[in-house]
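Trainee: Shown below is the structure under consideration.
The values are calculated or read from the model by the stated rules, or taken from the named source; none is laboratory data. Since this is a predicted model, take the numbers as computed values, not measurements. Ideal geometry is used to build each Cβ from the backbone, glycine not excepted, and the neighbour counts take in all protein chains shown.
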Amino acid sequence: MPRVTPTSLRKELFANPLDGLVSVLLITGLAAVGYRLLHWALTQAQWAVIQANSTLFAVGRYPIEQQWRLWLLVALLVAATGLSWGVLRGLPLRDRPITALWPRNDRIGAIVLVALGSWAPAALGLTLSIQVRWWGLTGLLLLMRWLAGRYGSRLGKAATRALPLVWPLLYLVGMVLIGGGLGLVPVGTNEWGGLLLTLVEASFAILLSAPLGVLLALGRRSSLPLLRWGSVLYIEFIRGAPLITLLFLGQNILGFLLPGGLAPDRIWRAAWILTFFSAAYLAEAVRSGLAAVPRGQLEAARSLGLSLPQALAQVVLPQALRIALPATVGQFISLLQDTTLLSLIGLLDLLGTARSVMANPLFLGKSAEVYLTLAVLFWCCCAALGLGSRALERRLNPPSLGR
Amino acid sequence: MAGRLSASPPWWQNRRLVPWLVQAAVGLVLVVVIAFLLGNLVRNLSAAGLLLSWRWLGQPASFDIAESLLPFSASDPYWRGLLAGLVNTLRVVGLGFVGSTLLGTLVGSASFSSNGLVKRLARIYVEVIRNIPLLLQLVFWYFVVFLALPNGAAAIQLPGIVLAKSGLFLPGFEGGLHWTGPSLVDGVWQAPLRFTPEFGALLTGLVVYTAAFIAEVVRGGIAAVPKGQWEAATSLGLGPLLSLRRIIIPQALRVIVPGLNTQYISLAKNSSLAVACGYTDLYSVAETSLNQTGRAIEVIVILLAAYLAIDLVISLVMNGLNRLVQIKER
């Protein structure tokens, strides 16, 4: 980021009379809008609707005496995030082979996190014991980040390779913690809601659609006509239909397609539809990556004696997936956003919970506060995913490949 | 040694046999799965007494459509209701194309402005809009913006245009050739042209959202034209406007048009979220029809066919446009 000085400001804003006029008009307009927004947020908005329903927004009607399981899961997730952050930081950059333990962006990130972790729970009016938990989680994140950044490089390459496996494993642990089983009291899917439901659906679809998308992309580029046309038909059909009609199909027809009793419940039906939907788009992202790998790579691998599956898995796919990474994460981000459509088929995801809260006469007319909060929340999640993807992309490009 | 080389490889390495075996296996699995699903479908549907039939399309719909270009009343048959829904969808999609293209081009070219503030605002616009779910934006526009507008005499009034809680009122010809503007009759606004707040919220939401993506397409298209083209045009004595029109835009369009195709299709598909702000589009009519008749398969087939047809038409038109702007080599 270039340093802001009076000279650079003058050059950027007042280079010629027309620019100057536009700048003055824009600054005045922005100041007026900003002032009114701040005035509304600080004096007129009634944020009590968020405070009173914070548990509902977070986990829906999940039984209170079982919520310790979710706290444990959050702690595990936070620890894994810190670990990934630290290890990712330790990977060398092309133009910077050795990075500091706390580069400038990481310092800013850590300060923002500490500020958020200490201010947000207090501002939401949560009880002291819950505030303390959030402080602990922030501390845990930074601790894991420090540990992984300081000692991660000693674990060698195997640890870096194993890291991506932590997340699917954590998903399995999470599903046991959320749903019960293995000695835990079962909690039915009809009691999941809010952010919990949104994240369960999104993570399920992300984890399952990734391998499905890779298979479809390979199928579309296969020389076998049946595989190729089957994949093309599937991908184009799914991409041609709006997601809401597919969700509608899942809720109304899936029950007819399976023998009675075998059909999953409404929540898992939606999760499967999201998976099938996302797989078609992911396949296109991966296909563009596959197309960017020169044909000679496959031919060279085959002539070295690798079988086709070996050549694909060890030579072609690693290169293709690296190229397809930005598009893939972009698809994951839009998948996270697409979970809001569940509210249209009557599920209580984050947006569905918000709509049900607003139907309560107590909170009538508070839609601006609620929707703005959701928008900020979604924006932060999606922007964080985008940032992470860009950092990963810069570190995965090997020096010779360049950009 | 020689014997081993001349011996044919084992059958699982046969280059002609194995692909066919793989295909046969995949085909068999597909056939079995599809047969299983279809068998269940037929069995379950006949148990529910809902075997495929299109006769319900001719029965009276017995629901009303709040705003429809096509005259429609509750006694009209279902097929007419679905058609009215389709017309409503096409109306919002058509206006959405125009609006999002204009706004997107504006924002996309703003990122090349010499003014740093304009450039940054364009970036911020794109980053904010793309990271917030469309559905959330639609309910925001409807419940927070359009339904909070003042009504009656307090409405926002510009010369000839009135924006009130009851909708957007525009002037037009009435009763022959009388140019009439909006007027307040007993506290209710009336005008030749009226857009409901539902339609307004949906259109605004779709335009603002799609424009962010189109802005990126336009930015990429302009950035793809090498800087030397500008310099060459200037040194040939062309002014900025002329070099933009004759040199830059024709080259940028080659990159932009295929990207626009994707964005137009996604706008058409996204218009199915109309139900969130109470606008009666094709999906909304289909949902009501399904709830009334229970005809799940037929309704979904109609829905999917309609959206696939819309996508196909957009693709055909855009591909034609693409052929126009591509390099013509002679």
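Trainee: For region B:281-302, does any single residue satisfy the condition of being surrounded by fewer than 18 Cβ atoms within 10 Å (Cβ to Cβ) and outside any helix (DSSP H, G or I)?
Mentor: yes
Trainee: Suppose we keep only residues that are part of a loop (DSSP other than H, G, I, E, B) and within 14 Å of chain A (Cβ to nearest Cβ) within region B:37-93. Which one would you say is surrounded by the fewest Cβ atoms within 10 Å (Cβ to Cβ)?
Mentor: This residue is B:G49.
Trainee: Is it the case, given these coordinates, that A:P326 is within 17 Å of A:P211 (Cα to Cα) and surrounded by fewer than 18 Cβ atoms within 10 Å (Cβ to Cβ)?
Mentor: It is true that A:P326 is within 17 Å of A:P211 (Cα to Cα) and surrounded by fewer than 18 Cβ atoms within 10 Å (Cβ to Cβ).
Trainee: Counting only residues that are surrounded by fewer than 17 Cβ atoms within 10 Å (Cβ to Cβ), within 14 Å of chain B (Cβ to nearest Cβ) and modelled with pLDDT of 85 or more, give me the helices (runs of 4 or more DSSP H) lying completely in region A:1-99 with at least 3 of them.
Mentor: Ranges flagged: A:17-39.
Trainee: Could I ask something else about it? Those residues that are touching an Asp or Glu at 6+ places or on another chain (Cβ under 7 Å) and within 14 Å of B:A305 (Cβ to Cβ), I need them from region A:237-261; list them, please.
Mentor: A:G240
Trainee: Kindly provide the set of residues from region A:213-247 that are more than 15 Å from A:L290 (Cα to Cα), in contact (Cβ under 8 Å) with a residue 60 or more places away in the chain and either among the β-branched types (V, I, T) or more than 8 Å from chain B (Cβ to nearest Cβ) (or both), ordered by number.
Mentor: A:I244, A:L247
Trainee: Pull up region A:248-283, narrow it to residues that are surrounded by fewer than 19 Cβ atoms within 10 Å (Cβ to Cβ) and within 27 Å of the chain's Cα centre (by Cα), then point me to the one that is nearest to the other protein chains (Cβ to nearest Cβ).
Mentor: Checking each candidate, the answer is A:Q251.
Trainee: Here is a list of conditions, (1) surrounded by fewer than 19 Cβ atoms within 10 Å (Cβ to Cβ); (2) within 13 Å of chain B (Cβ to nearest Cβ); (3) assigned to a helix (DSSP H, G or I), and A:L335 meets all of them except one; can you say which number that is?
Mentor: Checking A:L335 against (1) surrounded by fewer than 19 Cβ atoms within 10 Å (Cβ to Cβ); (2) within 13 Å of chain B (Cβ to nearest Cβ); (3) assigned to a helix (DSSP H, G or I), the one that fails is (1).
Trainee: If you don't mind, there's one more thing I want to ask. Name the residues in region B:249-282 that are at pLDDT 90 or above and of a type in the set (K, R), would you?
Mentor: B:K269
Trainee: Right, something else. Does A:I206 satisfy the condition of being within 23 Å of A:W268 (Cα to Cα), in contact (Cβ under 8 Å) with a residue 12 or more places away in the chain and within 14 Å of chain B (Cβ to nearest Cβ)?
Mentor: No, not satisfied.
Trainee: Which of the following residues is surrounded by 15 or more Cβ atoms within 10 Å (Cβ to Cβ), out of contact with any strand residue (DSSP E or B) (no Cβ under 9 Å at 6 or more places or on another chain) and within 14 Å of chain A (Cβ to nearest Cβ): B:L134, B:L149?
Mentor: B:L134
Trainee: I would also like to ask the following. Could you tell me which residue of region A:162-202 is surrounded by the fewest Cβ atoms within 10 Å (Cβ to Cβ), considering only residues that are within 21 Å of A:W68 (Cα to Cα) and of a type in the set (G, A, S)?
Mentor: My answer is A:G183.
Trainee: State yes or no: is A:V286 β-branched (V, I, T) and more than 30 Å from B:L304 (Cβ to Cβ)?
Mentor: no
Trainee: Could you tell me whether B:A223 is within 13 Å of chain A (Cβ to nearest Cβ), of a type outside the set (S, T, Y) and farther than 30 Å from A:L254 by Cβ?
Mentor: The answer is no for B:A223.
Trainee: Within region A:284-332, can you find the residues that are outside any helix (DSSP H, G or I) and more than 14 Å from every other protein chain (Cβ to nearest Cβ)?
Mentor: Scanning region A:284-332 gives A:V293, A:P294, A:L304.
Trainee: A further question follows. What's the number of the condition B:A232 fails, among (1) at pLDDT 90 or above; (2) within 26 Å of the chain's Cα centre (by Cα)?
Mentor: (2)
Trainee: Which residue pairs have Cβ atoms under 8 Å apart, sit 6 or more places apart or on different chains, and have a first residue in region B:129-145 that is closer than 14 Å to B:T204 by Cβ and a second that is charged (D, E, K, R)?
Mentor: Pairs found: B:V139/A:R355; B:Y142/B:E198.
Trainee: Follow-up question, since we're still on this one. Can you name the condition, by its number, that A:G250 falls short on among (1) touching a Pro at 6+ places or on another chain (Cβ under 9 Å); (2) under 19 Å from B:A286 (Cβ atoms)?
Mentor: (1)
Trainee: Here's a follow-up. Being more than 12 Å from chain A (Cβ to nearest Cβ) and either at pLDDT below 90 or surrounded by fewer than 20 Cβ atoms within 10 Å (Cβ to Cβ) (or both) is the filter here, so list the residues in region B:106-125 that pass it.
Mentor: Correct list: B:L106, B:S109, B:S111, B:F112, B:R123, B:Y125.
Trainee: Okay, next question. Please find, among B:A212, B:A154, the residue that is more than 19 Å from B:A66 (Cβ to Cβ) and either within 13 Å of chain A (Cβ to nearest Cβ) or surrounded by 15 or more Cβ atoms within 10 Å (Cβ to Cβ) (or both).
Mentor: Being more than 19 Å from B:A66 (Cβ to Cβ) and either within 13 Å of chain A (Cβ to nearest Cβ) or surrounded by 15 or more Cβ atoms within 10 Å (Cβ to Cβ) (or both) holds for just one of B:A212, B:A154, which is B:A212.
Trainee: Of all residues in region B:262-321, which are of a type in the set (D, E) and either without any contact (Cβ under 8 Å) to a residue 24 or more places away in the chain or within 7 Å of chain A (Cβ to nearest Cβ) (or both)?
Mentor: Scanning region B:262-321 gives B:E287, B:D311.
Trainee: So, one more: Just checking, which of A:A354, A:A375 is surrounded by 16 or more Cβ atoms within 10 Å (Cβ to Cβ), touching a residue at least 60 places away in the same chain (Cβ under 8 Å) and within 13 Å of chain B (Cβ to nearest Cβ)?
Mentor: A:A354 is the lone residue from the list that is surrounded by 16 or more Cβ atoms within 10 Å (Cβ to Cβ), touching a residue at least 60 places away in the same chain (Cβ under 8 Å) and within 13 Å of chain B (Cβ to nearest Cβ).
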